[in-house]
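S.K.: Before anything else, here's the structure in question.
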Amino acid sequence: MRLTFRSVLVGSAVLCVMLGGCARPGSTPKAAMPSAGQLTGGAFAPASMRVYPLTHIEAEGEDGARLVLHLELRDAWGDTVKGVGSLQVQLLRGGDLGGGGRDERMWEVDMRDPEVNALYYDPATRTYRVQLRDLPRWAVEQSRQRGGRVRVLAVLTTPAPDGSERFLRDEYTIQN
């Protein structure tokens, strides 16, 4: 096969056209992040929430610990989704799972701002990873005890597709 100047020129032109459509790393523009006012519950709004089993209590120093809460949101079709809202997390002591129990510690986490919300999202697990500190002494002790249990209750208030508020709730028992 004999290469001529013309065949090299045509081949170079075709290659330039093909490469011109390819994006270089870092050159793809990111979509504009919507403002909190633009976020409403659409067709793919969260319909259910689960305290994901990766949730655990992690030692922090000699006497302290933190709750590492993983929340999974799913739409009406069962697919994982992101969602905005106001999260309330409680540690409960006493009673059976799903039953009573005393509210021993509560946190409020505002996840309505898209930029703040994005900081909590863990793309590797497709869950929201929320770290909460200042656990009560009994929870720290239970987390270090063999057979110890700590109950976690999470409630997310989020926009529903019709514009009303939807309350998603789940409980989970951390067992050692």
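S.K.: Please turn the phi angles of the range 154-166 into ³J(HN,Hα) values with the Karplus equation 6.51 cos²θ - 1.76 cosθ + 1.60 (θ = phi - 60°), one per residue in order, whole Hz, x for glycine and proline.
M.R.: 10, 10, 10, 9, 9, x, 8, x, 8, x, 7, 8, 10
S.K.: Also, I was wondering about something else. Please report, in debye to the nearest 20, how large the charge dipole of the range 42-175 is about its Cα centre when each Lys and Arg carries +1 at its beta carbon and each Asp and Glu carries -1 there.
M.R.: 380 debye
S.K.: Sticking with this structure for a sec: Starting from the coordinates of the alpha-carbon atoms of the range 42-175, obtain the Kirkwood hydrodynamic radius over all distinct pairs and give the value in Å to one decimal.
M.R.: Evaluated on the range 42-175, it is 15.4 Å.
S.K.: Between Ala76 and residues 5 or more places away or on another chain, which pairs have amide H atoms under 5 Å apart, with H built 1.01 Å from N, and which residues are they?
M.R.: Answer set, sorted by chain and number: Ala47.
S.K.: Under the Karplus relation 6.51 cos²θ - 1.76 cosθ + 1.60, θ = phi - 60°, what is the ordered set of whole-Hz ³J(HN,Hα) values for the range 121-131, x standing for Gly and Pro?
M.R.: Using θ = phi - 60°, the values come out as 7, 10, x, 5, 9, 6, 10, 8, 10, 10, 9 Hz.
S.K.: While we're on this one: Which ordering of Met49, Met106 is given by a fewest-first count of other beta-carbon atoms within 10 Å?
M.R.: Ordered by Cβ neighbours within 10 Å, fewest first: Met106, Met49.
We did not get these values from a lab; they are worked out from the coordinates using the rules stated. Being a predicted model, the structure only gives us computed values, none of them experimental. When we count neighbours, we look across all protein chains shown, and the Cβ atoms used for this are built from the backbone with ideal geometry, even at glycine.
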